[in-house]
Amino acid sequence: MPNAQDRAPHPVVIVGAGLAGLTVALHVAERLPVVVLAKRPVEEGATAWAQGGIVGVLGGDDSIASHVHDTQEAGAGLVDEHTARFIAEHSARAIEWLVGCGVPFSADPQGPLGLHLTREGGHAVRRIAHAADATGKAIHDVLLERVRAHPNIALRERWMAVDVITSRHLKRDESPRCYGVYALDIDRQRVETLPAAAVVLATGGVGKVYRYTSNPDTATGDGIAMAWRAGCRVGNMEFIQFHPTCLYHPQERSFLITEALRGEGGRLTLPGMTGDAARFMAAHDARLELAPRDIVARAIDFEMKKHGLDHVWLDATHLGADYLREHFPTIHARCLKRGIDITAQPIPVVPAAHYSCGGVVTDLDGRSDLPGLYAVGETGFTGLHGANRLASNSLLECVVLGRTCAAHIGSRTGDEHPALPDWDESQVENADEQVVIAHNWDELRLLMWNYVGIVRTTRRLERAMHRIRLLRSEIDDYYANFRVNRDLLELRNLVDCAELIVRSALLRRESRGLHFSRDFPNALPVSFPTVLVRAARSGGRAKGKSLGLSG
């Protein structure tokens, strides 16, 4: 007879502790036990770095149709209208839930729900709820406190998922499905087998595949790579959003200057010029600094190359010192720490990799191709962002689809769970050449920056692919013969994602949204998302060579 422990339900394992993961956790925990894995301290995730805000269709001058229109306009013809409408229709409820959780949004007694709404690039009206210029941190802190206090949620920091456990690991003749994950306990340097009622991938994006990025060190594409290796489809990976304005400073390569600063009137100017001659956005788009991010990033890239500059300026001094200190305290303090007083001088800025509009193909419940495996947030691809994400839609997507994902998981009946094979490292050694990982990491990020950046050519993409495959050979050999650690696992995931980005870019023979090719500078009359199909593998071992993209 099975004992009580055997009859206990397996937990839902959520990989990632950002807004998407925490939202799913809080909703699922009402019905099922939850384990949340965070490979680094939870404060280091991308959500806590988000400055601008979250979209809410709340004001009397706004409408669902207007938000959908703006999302489609920014997305350059590849936004799924049904998805955009669903997200917009649930935006007010998402904001209300966050307010109910205690998120301290900036207040305006005259505003809807008593909130101050700001405007960002690509939006027709003010519809961005924010907490000064540190919205992500405000949201994350509140939800994290609730997760830590919830009796049905176990938060495991410094645990990193290695791979999804699927039918191939069991060598069973059955339809593919997900049974759990292998996860590395980083402190104990031991890989554990975690059976799961469902696995939710909420690991964020792939920004660290590039040398310059606004993303934290957690953004190594773990969820996308794991889902791809498990046989899931991946879509639109060529559309990497480069945020136009990251702080340019030798000690700051990842600090974002929020789009809201331009939304409030900040001006992009050329160093060494004054007056109207210094402003350059009029030559690129009638919306000036409020044009969508892809247009602004390309404009800055063009002007830097044209004038031989290593940065441009974002000037907000005309907004007034008191206003800047009140509305942008985080930016003011961070810049001041680096010797830049934004109340009296312009901010040096450059574009940097910021957001992946592609990811694991899912429906609006977060379901991937593999039963039992879900993806939410930047890890997933629902068609909301198209070829270019509209500002502040990302946090909204996390909350709305985090809720629907949790509801679907909670509605599922229990599945039979066979005994899962343990992770096998009996034939591997301890790594003694960790420097190899560091060198490969640096080479990968540099080649992606140089060859697969804001402006691309077919020749550059082909060169990148050739070098990526050479790196993959080294990484596969290292993975197969040495004990895994976080650096190796992240590098393995990054090289998978790098190849997905380049393959997708080579398939898109046009310029659209975030993908601009000098060889194909025009947009095609009709275009479709780029979806890479991965056939599920049979057989396989719990430990062995990386399942790459070949074959």
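The values are calculated or read from the model by the stated rules, or taken from the named source; none is laboratory data. Everything numeric in this text was worked out from a predicted model, so none of it was measured. All Cβ positions, even for glycine, are placed from backbone atoms using ideal geometry, and neighbour counts span all protein chains on display. Accessible surface areas use protein heavy atoms only, side chains included; no ligands, DNA or RNA. Shrake-Rupley method; radii C 1.70, N 1.55, O 1.52, S 1.80 Å.
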Checking region 361-441 for trypsin sites (Lys or Arg not before Pro) in a loop per DSSP with at most 10 other beta-carbon atoms within 10 Å yields none
Which whole-Hz ³J(HN,Hα) couplings does region 102-117 yield from phi under the Karplus relation 6.51 cos²θ - 1.76 cosθ + 1.60, θ = phi - 60°, glycine and proline marked x?
-> x, 5, x, 5, 4, 9, 8, x, 8, x, x, 6, x, 9, 8, 9
What percent antiparallel are the DSSP beta bridges of the chain, to the nearest 5?
-> 65 percent
Hey, can you grab everything whose amide H is under 5 Å from the amide H of Val36? Only 5+ residues off in sequence or another chain; H modelled, so Pro and N-termini drop out.
-> Ile14, Ala154, Leu155, Arg156
Taking GluC sites (Glu not before Pro) that fall in a DSSP loop and have at most 12 other Cβ atoms within 10 Å as cut points, what is the longest piece of the chain between them?
-> 175-415
Given the chain, what count of lysine pairs have C-alpha atoms under 21 Å apart, with each pair 8 or more places apart or on different chains?
-> 7
Between Asp163 and residues 5 or more places away or on another chain, which pairs have amide H atoms under 5 Å apart, with H built 1.01 Å from N, and which residues are they?
-> Tyr182
Between Val361 and residues 5 or more places away or on another chain, the pairs with built amide H atoms under 5 Å apart involve Arg233, Val234, Gly235, Phe381
What helices does the chain hold that run 18 Å or longer along their axis, going by alpha-carbon atoms, with a Kyte-Doolittle average of -1.0 or more, using DSSP H for the helix calls?
-> 135-149, 293-307, 393-411, 434-451, 486-507
The answer for the chain, accessible area per residue at 1.4 Å probe in Å², is 39 Å²
Mean ellipticity per residue at 222 nm, deg cm²/dmol - from DSSP H runs of n ≥ 4 across the chain, formula -39500 (n - 2.57) = -10500 deg cm²/dmol
According to the square roots a ≥ b ≥ c of the eigenvalues of the Cα gyration tensor, what is the shape class of region 405-531, taking rounded for a/c under 1.5, prolate for a/b larger than b/c otherwise, and oblate for the remainder?
-> oblate
Distance in Å, no decimals, from the C-alpha centre of region 106-176 to the one of region 266-312 is 33 Å
What is the local net charge at Val68, summed over the other residues whose Cβ is closer than 13 Å to its Cβ (Lys, Arg +1; Asp, Glu -1)?
-> -4
For region 346-356, in order, what is each residue's ³J(HN,Hα) by Karplus, 6.51 cos²θ - 1.76 cosθ + 1.60 with θ = phi - 60°, in whole Hz (x at glycine and Pro)?
-> x, 9, x, 9, 9, x, 8, 4, 10, 7, 9
Which net charge results for the neighbourhood of Gly59, defined as the other residues with beta-carbon distances under 9 angstrom from its beta-carbon, given Lys and Arg at +1 and Asp and Glu at -1?
-> 0
The chain, accessible surface, carbon-and-sulfur percent (1.4 angstrom probe) | 49 percent
Would you mind counting up the charge near Asp285? Only other residues with Cβ under 11 Å from its Cβ, with Lys and Arg at +1 and Asp and Glu at -1.
-> 0
